[in-house]
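Remarks on the structure that follows.
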Amino acid sequence: MERNLTMPDVRIVNVTKRFEKIVAVNNVSLHVYDKEYFSLLGPSGCGKTTLLRLIAGLIQPDEGEIYIGDKLVNDVPPEDRDIGFVFQTFALFPHMNAWDNVTYGPKVKGFDMKKAETIGHEVLDMVRLHERLDAFPSELSGGMMQRIAVARALAAGAKLLLLDEPLGQLDAKVRNELRYEIRRMVRDLDLTAIHVTHDQSEAMAISDRIAVMKKGKVLQVGTPKELYMNPISIFVAHFIGESNFLEGYILSVKGNGALIELRGGVKVQAANKDVERGGRVILAIRPEAFVIERGVKKRKNPVLGVVERVTFEGTNIRYEVRLENQDLAVVVKPSLVGEWFNTGEKVTLSFPPEKAHVFAYPEAGLREEMAVE
Amino acid sequence: MPKPKIIETLDRLSSKPEVKYGVYLTAVIAFFALILLPPMLGIIIKWNTMQQVLNQPELTARALSAIGNSFAVALLVSALDVVTGIPMAWLITRGKSKLLNVLDTLSDIPFIVPTAALGYSLLLFWSKPEGVSSLFGSPLVSPGWLLVVLLHFAFSYPVVVRVVVGALLDYKMEYEQASRTLGAPPFTASRTVTLSILKPSLIAAFILAFSRSISETGATMMVAGILENGNYVPLSENGATFIQTHLGPNNEITGPVVFASFILMILSCSIFIIIRLLGPRLKTPIKKVWPATERKLSYSVATSSRNGISLLTFFIFVLIPSLFVALPAIEAIFGGPLPEALGGVRIWGEYWQGLLLSYWLGAAVTLLNMVIGLPMAIIIAREKFGKRASATLDILVNIPLIVTSAALGASLKIFWESFALIPEILLLIFAHLCITYPYLVRSMSAAVERISEDLEEASRTLGAKPLSVFRTIILPLTKYSIFSGAIMVFTRSVSETGATLAVTKLRTAPVVIVDWVRQKTPATSLEIGLGCGFLILFSFVILLALRLIVRGKGRY
């Protein structure tokens, strides 16, 4: 299929959007590079769909600028932005069959019938859906509707593909299959894609980079690995993957390290993250960062505890360990590697200092900071 | 708070299937016995009198010509209403100015002006020296065919606007947005996606406009003829005026009346069924696109022009003519017949009696409709007797809407008089019940359909009996639709003229005004204006009060 070889990047510069008193998007700046698969990730109501719709031109920003390629598009209507948009509800035209839906874009852009048909067949090949083309949307399954919606967006000749929770309406198995198919198509066509989702595993699986949003703001942008390994806020550490949050105070700071006293006088070391002596902090440790051993062991950063609950999750085993200071820590280990522990056993947990992330204790409180709504 | 014993008993009874279905069956029987069958059987009872007409070819031709005029006007007016009403509805729902709320309310004005007053207002505006004719030195539009079209256009227009506004407000904008993201300019998106999806609503709007036009009698009589030597001479005859002019001196139903009523009923039902069946199959032109032209039509110049034309059409052909009667009314207040009117002197005694009768009748009919119409609405919405039966009832309920009220009235009179001496007031109630029943049932059934059955089921699982479910779940959630339906029933009844003239010699306010205009009762133009003014004012106050109750709660 012919495509314009100039693929766009997308720049969002200090964009704000208000709906009466609610600030849905709050002074957001982002740069999505050409051919990048970029995800906007966050809980419901964080502004990610609003931001996507601003890029699409379906709503206009109150402040700021949006560039697609080098072109300022604030006043450009959606039909002139050369985008493809996949709606959460698919928005397939109920009065047109699948084929007419797919070929709608080429037709309204003035392509001749033959060309529209050729494009239609090409995109349907890509989404592997040639059956049921005479069917109307009400007669199609969720997975089929989703493929038609994607095919329709691609057939319009979009340089930029915008996807608003495209898999949200589908069951888990179909969702898992289709996420990779969409990723493959975007890569094969050299498109730039911006994908909105609240599912962090979906975002992590297919994105080149992810922007984590909360309450209209972008908290962190990075690759999936960066976000997982180096979250820069408690919310990101909590929203991406799972973390143990332990409260403590900074006892001393030495070079790249800080000595932290947890509740009950337990002392541990963590990598220094611009913290001051005496400061109240939260220590975030991934469950898989812990080393768990039977009995009392002398280790760097040892914390003693008792196994309170064991859950077999198939690939992993999950241990809930009541620490000596009464905090509860979750430890996740591969089920086929290493020994297993039983409920009631005394264990020693330890972790490398660089795997613990230190955050200043949030003013609004930990619960509020972690809240997803 | 413990329930009153009677409510408890009724609740308990409602769980017995025989009681529940008995209520529904009674509603269906009441519909057939009081609403649907009497008008149809009335014609059959006097079938043999049609021979009078068939033996007189000239009379037959005149009757058929009059009926043809009715349908021609109704079809033309409905088409014009849809073509002009859609852009107006679009402007109201998609426009950005706050003044559009005012426009939305103004577009309903012809609803609250009783058709008798509306007819006189248009007559003044277009034909009389007091109106625009003063600019031209002679009547701009003389009474006759064209003035009938203008009148029918004015009072059917708000029906179309209201239906299309409702459809656009319920419409999922995502479809149009999807179309825009695929490269379609706004005009193409609207044409190929939105209007196609809204086709059922546009067909419904067409049918409603058609039925309103075909039904209208009183105001039509005002604008369709002139006075010559004190006698009313129809210049343009339609089915309704033909029926009126052929009623006997004591309102007896003659052969020509039976003939015209029969033809009108058959044709109306046929056209209705054809539109219902063929309308959905009508393909809108969505395959072909003209990108360059439609892009230009999407630009602000084209849309501003379209909006300007919509507004001009509305103001010149609907709003100003509808309210023009306010001028003589105001003139009458300052140094006119106001003191006489308030004193009930001369013609005013009959006027006030007529007004009281109109409102009493409106209230009685509204109440009766709620009693027999609510169960029917539930039967249709919840498919209590199965899908097919409900769909059939849904169609049958609309039949009284599309039959000319004069024909309906004449036929009802034949039917009920064949049983026994029915008091005139009862005949009148039956006639108004027939005409207004579809408004309440349609409004209520649509409201019940919008309520998820999950809510009723949840209530039942918590122990509520069927009547309790209705009282505590359905009724609270639909009470504003009940209000809405009640408002429509009330205004329709107050406005009704044709059936009233056909069934009885009792004189409601619209009938009195029609007689004043036709000079059956001598009245000056100021007196007529004042009478219309009172009618509009009281109707407006009642409607405003009801509407504030409805809108004040945030639902309609």
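A short reminder: the numbers here are calculations on the coordinates, not readings from a lab. Nothing here was measured: the structure is a model prediction, and the numbers come from that model. No Cβ is skipped: glycine too gets one built from the backbone with ideal geometry, and neighbour counts run over all protein chains shown.
Okay, here's what the table says:
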{"item": "Average other protein chain Cβ within 10 Å of Cβ, residues B:167-177", "result": "3"}
{"item": "Using a Förster distance of 51 Å, the FRET efficiency for A:Q60-B:N55 (Cβ separation, nearest 0.05)", "result": "0.10"}
{"item": "Average Cα contact separation per residue, the range A:1-126, under 8 Å, 6 or more apart, as relative contact order %", "result": "21 percent"}
{"item": "Candidate lysines - alpha carbon under 18 Å from B:K384, same-chain residues fewer than 8 apart omitted", "result": "B:K16, B:K20, B:K465"}
{"item": "Residue order, fewest to most beta carbons within 10 Å, for B:F155, B:F31", "result": "B:F31, B:F155"}
{"item": "For B:C434, B:C532, B:C269, order by how many other beta-carbon atoms lie within 10 Å, fewest first", "result": "B:C269, B:C434, B:C532"}
{"item": "Neighbour-count order for B:E252, B:E58, A:E165, fewest beta carbons within 10 angstrom listed first", "result": "B:E58, B:E252, A:E165"}
{"item": "Whichever lysines have a C-alpha closer than 16 Å to that of B:K479, once near sequence neighbours (fewer than 8 apart) are set aside", "result": "B:K553"}
{"item": "Distance histogram in 10 Å bins (all Cα pairs of the protein assembly as shown, percent per bin)", "result": "2, 10, 15, 16, 15, 14, 11, 7, 4, 3, 1, 0, 0"}
{"item": "Share of alpha-carbon pairs per 10 Å distance bin for the range B:198-307, given as whole %", "result": "11, 25, 24, 19, 14, 7, 1"}
{"item": "Relative contact order %, the range A:10-236, counting alpha carbon pairs below 8 Å whose residues are six or more apart", "result": "29 percent"}
{"item": "Spherically averaged projected area of chain B from its Cα convex hull (nm²)", "result": "30.2 nm²"}
{"item": "Projected area, mean over directions - chain A, Cα convex hull, nm²", "result": "21.9 nm²"}
{"item": "Label zone at B:R450 (point 7 Å along Cα-to-Cβ), backbone N below 17 Å, the range B:63-99", "result": "B:93"}
{"item": "Candidates per chymotrypsin sites (Phe, Trp or Tyr not before Pro) in the range B:480-514, loop by DSSP, up to 15 other Cβ within 10 Å", "result": "none"}
{"item": "Cα shape, the range B:1-157, gyration tensor, a/c 1.5 rule", "result": "oblate"}
{"item": "Positive-end residue of B:I274, B:I347, B:W290, charge dipole of the range B:268-350 with Cβ unit charges", "result": "B:W290"}
{"item": "Cα centre as origin, Lys/Arg/Asp/Glu Cβ charges: the range A:242-370 dipole, Debye", "result": "520 debye"}
{"item": "Pairs beyond 20 Å (Cα-Cα), from A:K71/B:K96; A:K21/A:K215; A:K297/A:K333; A:K48/A:K214", "result": "A:K71/B:K96"}
{"item": "Where N is the number of residues in the range B:141-196, Cα Rg divided by 2.2 N^0.38 Å", "result": "1.69"}
{"item": "Residues of the range A:198-241 with amide N under 15 Å of a point placed 7 Å along Cα→Cβ from A:M370", "result": "A:233-241"}
{"item": "Cβ-based charge dipole, the range B:412-481, positive-most Cα from B:I451, B:W416, B:I435", "result": "B:I451"}
{"item": "Cα centre as origin, Lys/Arg/Asp/Glu Cβ charges: the range A:10-236 dipole, Debye", "result": "520 debye"}
{"item": "Gained length - A:Q88 relative to A:E131, 0.36 nm times residue gap less alpha-carbon distance", "result": "13.2 nm"}
{"item": "Dipole-positive endmost among A:V218, A:S243, A:S39 within chain A (Cβ charges, Cα centre)", "result": "A:S243"}
{"item": "Pairwise label distance in nanometres, B:S300 with A:R277, each label 7 Å out on the Cα-Cβ vector", "result": "6.6 nm"}
{"item": "Debye log10 I(q)/I(0) at q = 0.11, 0.20, 0.21 Å⁻¹ for the range A:242-370, Cα point scatterers", "result": "-0.38, -1.13, -1.21"}
{"item": "Relative contact order computed over chain B (Cα-Cα under 8 Å; 6+ residues apart), in percent", "result": "25 percent"}
{"item": "Partner lysines for B:K413 [C-alpha distance under 17 Å; skip if fewer than 8 residues away on the same chain]", "result": "B:K46, B:K505"}
{"item": "log₁₀ of I(q)/I(0) at q = 0.12, 0.14, 0.21 Å⁻¹ - the range B:107-203, Debye sum with one point per alpha carbon", "result": "-0.59, -0.68, -0.96"}
